[in-house]
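K.L.:
Once you've had a glance at the structure underneath, I'll fire off some questions.
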Amino acid sequence: MSLDNFLHSHSESDAPLSREDRTKFDAWVAKVLSDPAEISRRIENALKDGMFSEWESESANHKFKLGSYYPSMIEKCLRAQAYSYLSPVPPTPEDLAIFGEGKAIHELIALALRRSGLISVEGSEVEVNLRFGEEAKLHGRIDDLLLIRISEASDNFKLFVPLEIKSAQSIPDEPRQSHYYQLSTYLLAQDYPFGVLLYWAKREGKVKGFTIAKDNVMQSVLRERVLELHDALKSGELPQKEAAIIRDYGQCERCSYVERCNPFLIEAIPRKSKIALFDLDSTVLDTSQKKRAIMIELGLSASTRLSDIHDDEVKKKYWELMESPRFVEYDALIQQGREKVLEQQKAGHVPVGISSSRRDHLLEVTRARLANLGVPIFHLILREPGNYDVDGRFKIKWAQRLATNYDIAEIFDRDAVTTTMIMRGIESKKTRNGGVNAV
C-alpha cells in the first residue's frame with residue numbers, strides 16, 4: 001500500500017484491498033477514530049509497562065541479601081534502608097520517570113565520551129565489593145570505568161578513574177553527601193586514588209565534574225553505618241528512625257515508607273491525644289527585651305527597629321545574634337500566655353510549642369528558659385535544618401504533620417490567618433480520612 005494512505009491493513013502485501021476488505025478496514029478505522037484519546041492511552045500505558053519491566057529487570061540484580069548493602073543508599077536514614085530491603089514498595093510513576101531519565105543520560109554520556117576520542121571508556125556497571133569482616137559488605141556497580149592515558153616525554157602511563165554519573169535539576173555547589181559516600185565506596189574497594197562525580201543539570205543544560213580523592217577516614221564512617229544496619233537486620237529488629245532523630249523531616253516526607261515509619265509521632269505523647277499548639281514568640285514569650293539587648297550589642301540605641309538598619313552587614317549580625325543561645329535568657333514571660341498553657345493542661349490537652357524564628361540548635365536552651373519561667377510546654381518544635389518555609393507555611397506544614405497522630409484541639413497564634421488555614425486544613429484532612437488520626 002502507498003504511504004499516502006498512512007493507514008495499513010493487516011496484509012503485508014502492497015496489493016490493493018478487495019472491496020470487502022476495504023469496507024472492513026474503513027469500519028475498523030472509523031471505530032479507532034471514534035475515540036482518538038484511546039490511541040494516546042495505549043502509547044502511555046505501553047511506555048509505563050515498558051519502563052516498569054526495565055525497572056524490574058534492573059531490580060532483579062539488586063535483591064536483598066543479608067550482609068550485602070547498597071553504596072547508593074548507605075548515607076540515607078537507616079530505618080528507610082531497612083524497609084527498602086525487607087519490604088520494598090513498587091516505584092511510583094515519578095520514580096520510573098527519574099529512573100528512565102537517569103539511564104538515558106548515562107548512556108548518552110558514555111556514548112559522547114567514546115566519540116570524543118580523548119577518553120577511553122573501559123567498562124560499564126563494573127562490580128565492586130567493600131567488605132567489613134566476613135559478614136557485611138557494600139556491593140555496587142560503578143557507572144563507568146574510564147581509562148585515561150597520560151603521555152609525557154617518553155612515558156606513556158594509564159590511569160583508571162571511576163566515573164559516577166548523576167542527573168539533577170541544577171548543578172550543586174559541592175557533591176551531595178549520598179553521592180560522596182557512594183563514590184568513596186568504589187575508591188576504597190578498588191584502591192583507586194580518585195574518582196569523578198559528574199552532574200548533568202537537566203534544567204540548566206550544564207555538566208560539571210567533581211574530583212573526589214580516596215579518603216581512608218571514610219572506611220570507618222562506612223563501616224559504622226553498615227554494621228549498625230546489619231546488626232539490626234540480623235537480630236530481626238528495625239534500626240533507629242535516623243532522619244527523625246536528626247530532625248531531617250524533609251527526608252521523611254520524601255520517603256516511600258513515611259506512613260509505615262510514622263516519624264511525626266512524638267514518643268512521649270500517646271497517639272490520638274488532644275494537643276494545644278502555642279506559637280512561642282507571639283503567645284508565650286516576649287522577645288522585645290532580647291531585641292533591645294541585641295541592638296545595644298550592635299552599638300545602636302535600644303529603641304532601634306530592625307527596619308531602621310540599612311547596613312547589610314549590621315542586619316546580618318542582628319540575625320546571627322537572634323539565633324545565639326546566649327540571648328535566650330532575655331526572653332520574658334507573657335503572663336497571659338502562661339495562664340493559657342495551664343488552662344489547656346488542666347483541660348487534658350498536651351501543650352506543644354512551635355516557633356519558626358528559632359532554629360533547631362536553640363531547642364535545649366529554649367526548653368530550659370520555659371522551665372525557669374514555669375511554663376509547662378511538653379514538646380517543642382523549632383525550625384529544623386534545611387527548612388526555609390515562611391512563618392505561615394512552616395506552622396501549617398507542622399500542624400498537618402502532627403494531625404496524622406493527634407487531635408489539635410486548640411491553636412494559639414497572633415496570626416489569625418495562619419490559625420484559620422491550619423484549622424481548615426485539619427478539618428479537611430479529618431473529612432478525607434473519615435476521622436481523626438487516620439494514617
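The values are calculated or read from the model by the stated rules, or taken from the named source; none is laboratory data. In this text the structure is predicted, and so the values were computed from the model without any measurement. Because the Cβ atoms are built from the backbone with ideal geometry, glycine has one as well, and the counts that use them run over all protein chains shown.
K.L.:
Need the failing condition index for GLU343 against (1) crowded, with 19+ Cβ neighbours inside 10 Å; (2) over 16 Å from GLU297 (Cβ atoms), just the number.
P.N.:
Result: GLU343 fails condition (1) only.
K.L.:
Would you point out which residue out of VAL328, VAL352, VAL314 is under 17 Å from ASP286 (Cα atoms) and of a type in the set (A, V, I, L, M)?
P.N.:
VAL328
K.L.:
Name the residues in region 95-150 that are touching a residue at least 24 places away in the same chain (Cβ under 8 Å) and hydroxyl-bearing (Ser, Thr, Tyr), would you?
P.N.:
Within region 95-150, just SER120 meets the criteria.
K.L.:
Taking ILE142 as the residue in question, decide whether it is assigned by TED's automatic domain parsing to the domain that holds GLU242 and under 20 Å from the mean Cα position of the chain (by Cα).
P.N.:
Numbers: assigned by TED's automatic domain parsing to the domain that holds GLU242: yes; under 20 Å from the mean Cα position of the chain (by Cα): no.
It is false that ILE142 is assigned by TED's automatic domain parsing to the domain that holds GLU242 and under 20 Å from the mean Cα position of the chain (by Cα).
K.L.:
Additional query: For ARG271, work out the one condition from (1) exposed (fewer than 15 other Cβ atoms within 10 Å of the Cβ); (2) in contact with a strand residue (DSSP E or B) (Cβ under 8 Å, 6 or more places away or on another chain) it doesn't fulfil.
P.N.:
Condition (2) is where ARG271 drops out.
K.L.:
If I ask for residues that are over 23 Å from ASP413 (Cβ atoms) and β-branched (Val, Ile, Thr), which ones from region 228-287 would you list?
P.N.:
ILE245, ILE246, VAL258, listed by residue number.
K.L.:
I'd like the full set of residues that are within 16 Å of the chain's Cα centre (by Cα) and either not in a helix (DSSP H, G or I) or not acidic (Asp, Glu) (or both), limited to region 250-261.
P.N.:
Selection gives GLY250, GLN251, CYS252, ARG254, CYS255, SER256, TYR257, VAL258, CYS261.
K.L.:
Okay, next question. Sort through ARG358, ARG367, ARG401 and tell me the only one that's crowded, with 20+ Cβ neighbours inside 10 Å and closer than 29 Å to VAL258 by Cβ.
P.N.:
Step by step, each of ARG358, ARG367, ARG401 is checked, and only ARG358 is crowded, with 20+ Cβ neighbours inside 10 Å and closer than 29 Å to VAL258 by Cβ.
K.L.:
Which of the residues spanning region 94-124 are part of a loop (DSSP other than H, G, I, E, B) and either out of contact with any strand residue (DSSP E or B) (no Cβ under 8 Å at 6 or more places or on another chain) or acidic (Asp, Glu) (or both)?
P.N.:
Hits for region 94-124 are GLY117, LEU118.
K.L.:
Consider ARG247 carefully, then state whether it is surrounded by 13 or more Cβ atoms within 10 Å (Cβ to Cβ), at pLDDT below 90, within 27 Å of the chain's Cα centre (by Cα) and assigned to a loop (DSSP other than H, G, I, E, B). Break it down into steps so the answer makes sense when it comes.
P.N.:
On the way: surrounded by 13 or more Cβ atoms within 10 Å (Cβ to Cβ): yes; at pLDDT below 90: yes; within 27 Å of the chain's Cα centre (by Cα): yes; assigned to a loop (DSSP other than H, G, I, E, B): yes.
The answer is yes for ARG247.
K.L.:
Assuming VAL121 fulfils every condition listed in (1) touching a Lys or Arg at 6+ places or on another chain (Cβ under 6 Å); (2) of a type outside the set (Lys, Arg); (3) within 26 Å of LYS63 (Cβ to Cβ) apart from one, which condition is it?
P.N.:
VAL121 satisfies every listed condition except (3).
K.L.:
Still on this model: Here's a check for you: in region 79-104, which residue that is surrounded by 15 or more Cβ atoms within 10 Å (Cβ to Cβ) and either of a type in the set (Gly, Ala, Ser) or more than 26 Å from TYR199 (Cβ to Cβ) (or both) is nearest to the chain's Cα centre (by Cα)?
P.N.:
ALA80
K.L.:
Name the one entry in TYR180, TYR186 that is within 20 Å of the chain's Cα centre (by Cα), surrounded by 12 or more Cβ atoms within 10 Å (Cβ to Cβ) and closer than 30 Å to ASP231 by Cβ.
P.N.:
Working: TYR186 fails: within 20 Å of the chain's Cα centre (by Cα).
The match here is TYR180.
K.L.:
Here is a further query. Going by the conditions given, is GLU44 modelled with pLDDT under 80, surrounded by 12 or more Cβ atoms within 10 Å (Cβ to Cβ), among the charged types (D, E, K, R) and more than 20 Å from LEU183 (Cβ to Cβ)?
P.N.:
Criteria not met by GLU44.
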